[in-house]
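> Quick one: this structure, given as structure tokens, is what I'll be asking you about.
The values are calculated or read from the model by the stated rules, or taken from the named source; none is laboratory data. Owing to the predicted nature of the structure, the values given are computational and were not obtained by experimental measurement. Don't worry about glycine lacking a Cβ; one is built from the backbone with ideal geometry, like all the others, and counts go over all protein chains shown.
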Amino acid sequence: MADTMELRDIEVWDGNMAAAQALRQVQVDVVAAYPITPSTPVVENYANFLANGYIDGEFVMVESEHAAMSGCIGASAAGGRVATATSAQGYALMVETLYQASGMRLPIILNVINRALASPLNVNGDHSDMYLGRDSGWIQFDAYNPQQAYDLNFVAFKVAEDHDVRLPVMVHQDGFMTSHTAQGVKTLSDEVAFNFVGEFQPMNDMLDLDHPVTHGVQTEEDWHFEHKARQHNDLMTKVFPKIQAAFDAYEALTGRKYNIVECYDMDDAEVAVVCMGTSVETAVEVAKEQRAKGIKAGVVGIRVIRPWPFEQIAQAFQGCKAIAALDRSSPNGAPGMLYNELAGTLYNAATRAVLTGYVYGLGGRDLTKSLLNQIYADLVANAAAGKPTTALQQLIGVRGPKLEFL
Amino acid sequence: MSEMKNIKNLKEFSTSADRFEGANLLCPGCAHSIIVREVLNATNDDLILSAATGCLEVCTAVYPYTSWDASWIHIGFENASTAIAGAEAMHKALKRKGRLKQERDPKFVAFGGDGATYDIGFQWLSGCFERGHNMMYVCLDNEVYANTGGQRSSSTPIGASATTSPAGRVSYGEKMNKKDMLAIMAAHGAPYVAQVAPNKWKDMIKKIQTGFAANGPVYINAMSACTTEWKFLPEDTIAISDMATDSLVFPLYEIIDGTKLNITYRPKTVVPVEEYLAAQGRFKHLFKDEYKYLIKEWQERVDAKWDYLQRREEASV
């Protein structure tokens, strides 16, 4: 038996430690992992727990991220609790197996410590890796700080392992800004944390020797569409109620409330910024300052990226006159992902808010309060004019002549 | 403890319970199915299996059917080794935690073609062997990407015509010598590495059973004559296989603990390499006058390798 770790009610943890502690507390059976900045400390912390008797699962340090997820898939299909962590290039190397994990309906948990994708090589935080895997069939949560990175891992296991769901879940957090920035994190005791998730209940497990199963079959035009359609249907219809139930249960246990879409000062907001990761907290602070100046400013944070919360998003912007979508990934020749998702969601909604997009913060460039103030100034002008007063897409915080398109 | 089968003759073997069903889509005359049955039939223990993308995979698990009466997983082309290593790790974890549904310890076996093994899955295989998973990896070596229509792999021998190294007006086909996977896998320090052939089934069963009894990763290189890409008639699979082993193009040997090499089959009459080549369409062009030197060179290479294997065996290194 692994030793119990005595934790203070509030520990000073960065996002990587928060994620590693959550993995320890749910007693993951197999972690197959490979180190990469900035997710390396998740794996190192976990190795440390193992070396000191706090883990009795298997820890397999493989030779690449592709092998990490391959090992996770084999272990998960065998029938037990499985998790790993990665970032950026490692995530990119994993992409093939991300689709295989979700298509095989395996409840693996992947902590993604978001980082820019080369080239040029960059170790800092942006959402390029997150965007790369957005259609991979995984449920995807976004944490804005270490506390959330901790909490959302428990919710992730609870949702993923539900037999009506059986889909893998990613918990995203911003590289360095969350992963390496220590904050106070309210903890659960080992017992309470484990009991929230519960014992792993295997299904179609290869290790049930009396009931052999075949995993990872071939389907061509005769069955492939039906499999993909069923997975999509489950993502669209079954997952949100399970996430909501898990959020409710977690709130009842801890008092910490999570929402599928996080709305800050949105009840009467006329201008709103939509973003993810650490940017949400900065935007909330700036919105409050805007409100002190008489601007009805709000912020919407995307908590569940996949499945995309179509209905909740449509509701969030009722009464809003101008919206800015902030994308922390180069769209490389298109509007940003958040812009496009919002446009698709709001096109048939009651709102006729003006929607503009901003690309910011690539490769770990700061999103400053002054940039957000400028965005709110643009939004106020858009709201007054009832149409865009700027280009639909602006790159902000980048040196050189102003880059704006569309 | 492992429970091995004691099979005395082919009739007994053929009536032994199947965990790999004859209902599959492999070509008539495909050696893969013979090899897989021989591997699975070597033990009565439970089996957890994986397969790389390839002929075996696409022909045995086409939804809604499966040919496998043992748990089986396919993920991708390169990671059959790591898939089974992950399952083995889970077994270890659940055993330690007292959560296995049955007390029995299964064997973990991965199958991959030579493309999956020599080429695209090489890193994954090496990683699994370095980490010492308790697993057997069986390479179904037909010296070509057969599933995708006959492209060269790093197992394709020199002079073979493959679709990406075709023989033509100015080319004799594949230019590179076959990679020596057995030496590479032995160099990992694996407890057991062996080359087998389906026609020498007693030798093969013995090796598979030795592999199952070993503690750690075991590599089996199984010569798998391919009627479609080697271009011979389906009914000649065993005859071609006999020529492969008796010409010593595919010598049968084992390497224990990374170093100790034993030759396990010595043909009474050694067949000239030329006869082996002449029996297959993929080498047809080598019999043109301008390429005959390649056949001579090939015979010299086989002789040299056989001499080397014998010297290794004698020296017990």
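> Would you tally the residues in the stretch B:38-81 being part of a loop (DSSP other than H, G, I, E, B) and charged (D, E, K, R)? Spell out the reasoning first.
Filtering the stretch B:38-81 for residues part of a loop (DSSP other than H, G, I, E, B) gives B:41-42, B:44-46, B:52-54, B:61, B:63-67, B:69-70, B:74-79.
Checking which are charged (D, E, K, R) leaves us with B:45-46, B:69, B:78.
Total meeting the criteria: 4.
> Could I ask something else about it? Quick check on the stretch A:214-230: of everything there that is crowded, with 17+ Cβ neighbours inside 10 Å and touching a residue at least 40 places away in the same chain (Cβ under 8 Å), which residue is farthest from B:A52 (Cα to Cα)?
Out of the qualifying residues, it is A:H215.
> Can you list the helices (runs of 4 or more DSSP H) found entirely within the stretch B:224-317 that contain at least 1 residues being modelled with pLDDT of 95 or more and more than 26 Å from B:C55 (Cβ to Cβ)?
By residue number, B:273-278, B:292-315.
> While we're looking at this one, here's another question. Filter the stretch B:91-129 down to the residues that are closer than 27 Å to A:L209 by Cα, small (G, A, S), more than 9 Å from every other protein chain (Cβ to nearest Cβ) and in contact with a strand residue (DSSP E or B) (Cβ under 7 Å, 6 or more places away or on another chain) and list them by number.
B:A110, B:G112, B:G113
> Okay, next question. Only residues in the stretch A:1-27 that are closer than 14 Å to A:N111 by Cβ and assigned by TED's automatic domain parsing to the domain that holds A:A193 count as the first member; pair them with residues that are buried (at least 24 other Cβ atoms within 10 Å of the Cβ) and modelled with pLDDT under 95, Cβ under 7 angstrom, at least 6 apart or cross-chain, and list the lot.
none
> Still on this model: Return the residue satisfying two criteria in turn: it lies in the stretch A:188-217 and is closer than 30 Å to A:M5 by Cα and among the β-branched types (V, I, T), and of such residues it is nearest to the other protein chains (Cβ to nearest Cβ).
For the stretch A:188-217, the residue satisfying everything is A:V197.
> Having 2 or more residues that are more than 21 Å from A:G361 (Cβ to Cβ) is the bar; report the strands (runs of 3 or more DSSP E) wholly within the stretch A:133-187 that clear it.
On the way: elements: A:139-142, A:169-174, A:183-186.
Fully inside the stretch A:133-187 and qualifying: A:183-186.
> Take the residues in the stretch B:108-121 that are in contact (Cβ under 8 Å) with a residue 40 or more places away in the chain and either part of a helix (DSSP H, G or I) or polar (S, T, N, Q) (or both); name whichever of them is farthest from B:A190 (Cα to Cα).
Start the filter on the stretch B:108-121 by keeping residues that are in contact (Cβ under 8 Å) with a residue 40 or more places away in the chain, which leaves B:108-118, B:120-121.
Then keep just the ones that are either part of a helix (DSSP H, G or I) or polar (S, T, N, Q) (or both); that gives B:114-118.
Working: B:D114: 19, B:G115: 21, B:A116: 19, B:T117: 16, B:Y118: 17 Å.
So, considering only residues that are in contact (Cβ under 8 Å) with a residue 40 or more places away in the chain and either part of a helix (DSSP H, G or I) or polar (S, T, N, Q) (or both), the one farthest from B:A190 (Cα to Cα) is B:G115.
> Going by the conditions given, is A:V239 over 27 Å from A:K158 (Cα atoms) and buried (at least 20 other Cβ atoms within 10 Å of the Cβ)?
Working: over 27 Å from A:K158 (Cα atoms): no; buried (at least 20 other Cβ atoms within 10 Å of the Cβ): yes.
Spelling it out, it is not the case that A:V239 is over 27 Å from A:K158 (Cα atoms) and buried (at least 20 other Cβ atoms within 10 Å of the Cβ).
> Another one. Would you please name the residue that is nearest to the other protein chains (Cβ to nearest Cβ), looking only at residues in the stretch A:43-79 that are surrounded by fewer than 24 Cβ atoms within 10 Å (Cβ to Cβ) and of a type in the set (G, A, S)?
My answer is A:S64.
> Please verify whether the stretch A:83-91 includes one or more residues that are within 23 Å of A:V213 (Cβ to Cβ), modelled with pLDDT of 95 or more and facing chain B (nearest Cβ under 8 Å).
no
> Condition test on B:L94, is it among the hydrophobic types (A, V, I, L, M, F, W, C) and either free of Cβ contacts under 8 Å to residues at least 24 places away in the same chain or part of a strand (DSSP E or B) (or both)? Steps first, answer last, please.
Values: among the hydrophobic types (A, V, I, L, M, F, W, C): yes; either free of Cβ contacts under 8 Å to residues at least 24 places away in the same chain or part of a strand (DSSP E or B) (or both): yes.
Answer is yes for this residue.
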